[in-house]
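The values are calculated or read from the model by the stated rules, or taken from the named source; none is laboratory data. Note that the structure is a prediction, hence the values are computed from the model and not measured. Backbone-built Cβ (ideal geometry, glycine too); neighbour counts: all protein chains shown. When the accessible area is computed, the model is the full protein with side chains, heavy atoms only, and any ligands, DNA or RNA have been set aside. Shrake-Rupley method; radii C 1.70, N 1.55, O 1.52, S 1.80 Å.
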Amino acid sequence: MEEDIFIDDMYHNYFKIYRFPGKNKKVLIISGLHGDEYTSILASNLLLKNIKGELEYNVSIIPIANMGAFLYRSRTSPYGGEDLNRIFPGKRNGSLCERLAERIFSIAMENDIIIDLHSCGFLCVPHMIALYRSRKDVMEITRKIDVRYVVESRGTPGQLMTEALKRGKTSLIIELPSGFGGYIQDRYAREISKSLLKFLMGSEADGEKIFLGKIEKVRSERFGYFRPIKKYLFKREVKSGERIGRLDDDYVSVNRDGILISMHYPSYIFKGEVIYEIAAYSPIP
Ligand SMILES: [Zn+2]
């Protein structure tokens with residue numbers, strides 16, 4: 001069943017929601033809270049296309065949550081620049097974006113499980129962001145979805161995941177590689193839509209899972225021309241001291257053993273810019 005939810009007709013401030021019946025708990029899958037994260041939006045659209053048969057979960061899908069930002073190929077709202085994923089639970093009488101947040105949040109609260117899809121940049125690896133250590137309900141869901149890397153995080157105040165967790169909902173984020181100006185990495189969209197379909201149908205996740213601590217953002221200490229070493233576009237497991245790129249004539253080495261979550265693409269980078277993100281192993285006892 002498809003439904004249009006209008007907040008304001010005249011500003012493209014609306015979204016579509018698709019509902020499919022199932023036997024068990026209620027799941028919301030949402031993407032496009034950031035309008036330019038198109039790999040995750042494609043993942044939702046592929047999922048919509050491929051859903052058939054009896055589902056284990058009652059699922060609602062909102063593929064493009066922030067239509068204004070989507071149409072402007074922008075992360076944030078074109079109506080005042082607000083970041084929709086920093087203002088939850090929203091305000092009923094607030095700005096255009098706050099009213100949109102309020103409507104999305106009230107729908108999220110009708111569900112038991114909220115899966116929020118995002119994109120993490122050009123050279124990053126798909127990963128879940130989840131409060132898996134302190135929340136058993138979150139851990140249970142991360143184990144049911146085939147995404148190899150799981151990073152521990154309680155998120156940021158105002159994020160849909162964070163505010164939903166505070167209110168007792170099971171919630172996590174899946175980050176997918178994306179790119180500039182709406183560039184789509186469709187291989188990852190296909191992979192995740194398949195993982196989510198398997199989950200919704202109640203099949204067991206069978207892929208390997210690696211639990212990690214918090215993501216550390218490592219920033220450049222100086223200006224320079226950065227380029228990654230090619231094999232690290234594919235090789236993600238690194239050991240402390242391993243050289244992953246070059247900054248002018250110097251090597252850039254990782255500061256610990258772990259998983260290289262993302263790297264800057266080849267570019268001049270400035271002092272203080274994130275050069276790579278890494279997360280250490282955090283095995284479950
Ligand atoms: Zn995002």
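Against the definition (among the charged types (D, E, K, R) and either surrounded by 14 or more Cβ atoms within 10 Å (Cβ to Cβ) or more than 22 Å from H118 (Cβ to Cβ) (or both)), how does R187 come out, yes or no? First the steps, then the outcome.
Details: among the charged types (D, E, K, R): yes; either surrounded by 14 or more Cβ atoms within 10 Å (Cβ to Cβ) or more than 22 Å from H118 (Cβ to Cβ) (or both): no.
No: the conditions fail for R187.
One line per residue, one yes/no per condition, for (1) out of contact with any helix residue (DSSP H, G or I) (no Cβ under 9 Å at 6 or more places or on another chain); (2) small (G, A, S):
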residue	(1), (2)
I107	yes, no
S119	no, yes
A130	no, yes
K136	yes, no
R154	no, no
E163	no, no
S171	no, yes
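Could you tell me which of the residues N24, N13 is buried (at least 17 other Cβ atoms within 10 Å of the Cβ) and in contact (Cβ under 8 Å) with a residue 24 or more places away in the chain?
On the way: N24 fails: buried (at least 17 other Cβ atoms within 10 Å of the Cβ).
On inspection, the qualifying residue turns out to be N13.
Out of the strands (runs of 3 or more DSSP E) lying entirely within the stretch 203-272, which hold 3 or more residues that are over 25 Å from Y132 (Cβ atoms) and either of a type outside the set (A, V, I, L, M, F, W, C) or over 21 Å from the mean Cα position of the chain (by Cα) (or both)? Can you show your working first?
Details: elements: 210-219, 224-228, 243-247, 250-253, 258-263, 267-269.
Ranges flagged: 224-228, 243-247, 250-253, 267-269.
If you scan the stretch 88-123, which residues turn out to be of a type outside the set (A, V, I, L, M), open to solvent by 10 Å² or more (accessible area, probe 1.4 Å) and either within 18 Å of I215 (Cα to Cα) or in a helix (DSSP H, G or I) (or both)?
Result: E98, R99, E102, R103, F105, S106, S119, C120, G121, F122.
In this structure, does Y225 turn out to be of a type in the set (F, W, Y), closer than 22 Å to E277 by Cα and open to solvent by 30 Å² or more (accessible area, probe 1.4 Å)? Give the steps one after another, and end with the answer.
Details: of a type in the set (F, W, Y): yes; closer than 22 Å to E277 by Cα: yes; open to solvent by 30 Å² or more (accessible area, probe 1.4 Å): yes.
So Y225 passes the test.
So V151 fits all but one of (1) assigned to a loop (DSSP other than H, G, I, E, B); (2) within 16 Å of the ligand (Cβ to nearest atom); what number is the exception?
The number of the failed condition is (1).
State whether one or more residues within the stretch 150-171 are within 14 Å of the chain's Cα centre (by Cα), of a type in the set (K, R) and surrounded by 15 or more Cβ atoms within 10 Å (Cβ to Cβ). It would help to see each step written out before you state the result.
Our first condition is that a residue be within 14 Å of the chain's Cα centre (by Cα); within the stretch 150-171, this holds for 150-156, 159-162, 171.
Then drop every residue that is not of a type in the set (K, R), which leaves 154.
Subsequent filtering for residues that are surrounded by 15 or more Cβ atoms within 10 Å (Cβ to Cβ) retains 154.
Yes, the stretch 150-171 contains at least one residue that is within 14 Å of the chain's Cα centre (by Cα), of a type in the set (K, R) and surrounded by 15 or more Cβ atoms within 10 Å (Cβ to Cβ).
Does the stretch 127-134 contain any residue that is of a type in the set (V, I, T) and open to solvent by 10 Å² or more (accessible area, probe 1.4 Å)? Full working, then the answer.
Filtering the stretch 127-134 for residues of a type in the set (V, I, T) gives 129.
Then drop every residue that is not open to solvent by 10 Å² or more (accessible area, probe 1.4 Å), which leaves 129.
Looking through the stretch 127-134, at least one residue is of a type in the set (V, I, T) and open to solvent by 10 Å² or more (accessible area, probe 1.4 Å).
Check Y232, Y183, Y251 and return the single one that is in contact with a Gly (Cβ under 8 Å, 6 or more places away or on another chain), under 20 Å from H127 (Cβ atoms) and among the aromatic types (F, W, Y). Working first, answer last.
Numbers: Y183 fails: in contact with a Gly (Cβ under 8 Å, 6 or more places away or on another chain); Y251 fails: under 20 Å from H127 (Cβ atoms).
Only one candidate qualifies: Y232.
Select from the stretch 82-126 the residues that are more than 14 Å from the ligand (Cβ to nearest atom), under 30 Å from P228 (Cβ atoms) and modelled with pLDDT of 95 or more and list them in ascending order.
V125, the sole residue that qualifies.
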